[in-house]
Amino acid sequence: MLLLWKLAIAMHELTLKWIEAGECRTQTLWDKQPSKNPGTVRIGRDPTRCDIVLLHPTVSGLHVEIFYDPQKSHFYLRNLRPSNPSKVDGQILAQGETMLTPGSIICLGQVKLKVIGIDPRFSRTVAVSTPEDDTPEASISQPLRRRLPRKPLPTYGLKCPNCQKISHYKLLDFGCPWCGTSLDSANSVLMSTYAD
């Protein structure tokens, strides 16, 4: 007889909202998303070094980075420009890092970003079968097997018309996470197929 073990991989999200050039912008960050500096999401004016680009002249080229600390189970903001310090909830952060919470206000120069949500999300469940009897003989005679998906589902993305990088289709309303370009005119492309 076989037992099924299910493993759900947690993924954490932080959503930012701000006004830029008279438009309301929203961006969701994930703890494991691809970025220009792995493990962090960098924010600033320089599109070659930043994942979220803010065009206001009071924002530094490379201003701050946001990262998730798995030991503390929180998102943090780290200042990268001591000569142009950021403010979090009215407190100047010239160096070091500070924890972000829902409702936190981040000031980068004259641009204010608000943390409108921090949520845990769960990715797909992987089922692995193991023998019910945990004796060495049982595990040798019946090796571990993965349950195969019944039907693969396609995942679509959007190819940025500016930087040509591919983003998840859910980012249509938020813009390209790499260069900030609107994805309204982006081409839809097949990213991968996987099962839920």
### Message
Take MET99 and ARG78, extend 7 Å from each Cα along the Cα→Cβ direction, and tell me the distance between the two endpoints in nm.
### Response
1.8 nm
## Note on the structure
Note: the stretch 18-86, point scatterers on Cα, Debye, no solvent; log10 I/I(0) at q = 0.20, 0.21, 0.27 Å⁻¹ equals -0.86, -0.93, -1.28
### Task
Find out how many positive minus negative residues lie around ARG42, taking Lys and Arg as positive, Asp and Glu as negative, among other residues whose Cβ is under 13 Å from that of ARG42.
+2
### Message
Using 0.36 nm times the number of residues separating CYS24 and ASP46, minus their current alpha carbon distance, what extension gain do you get?
### Response
5.9 nm
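Defining a contact as two alpha carbons under 8 Å apart and six or more residues distant in sequence, what relative contact order in percent does the stretch 1-110 show?
On the way: 203 pairs, mean separation 17.4, N = 110.
The value is 16 percent.
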### Message
With a 1.4 Å probe and all protein chains left in place, how much of the accessible area of the stretch 1-117 comes from carbon and sulfur atoms, in whole percent?
### Response
56 percent
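The values are calculated or read from the model by the stated rules, or taken from the named source; none is laboratory data. For clarity, every value in this text was computed on a predicted model and none was experimentally measured. FYI the Cβ positions are ideal-geometry reconstructions off the backbone, even for glycines, and counts take in every protein chain you see. Heads up: the accessible areas ignore ligands, DNA and RNA and are worked out on the full protein's heavy atoms, side chains in. Shrake-Rupley method; radii C 1.70, N 1.55, O 1.52, S 1.80 Å.
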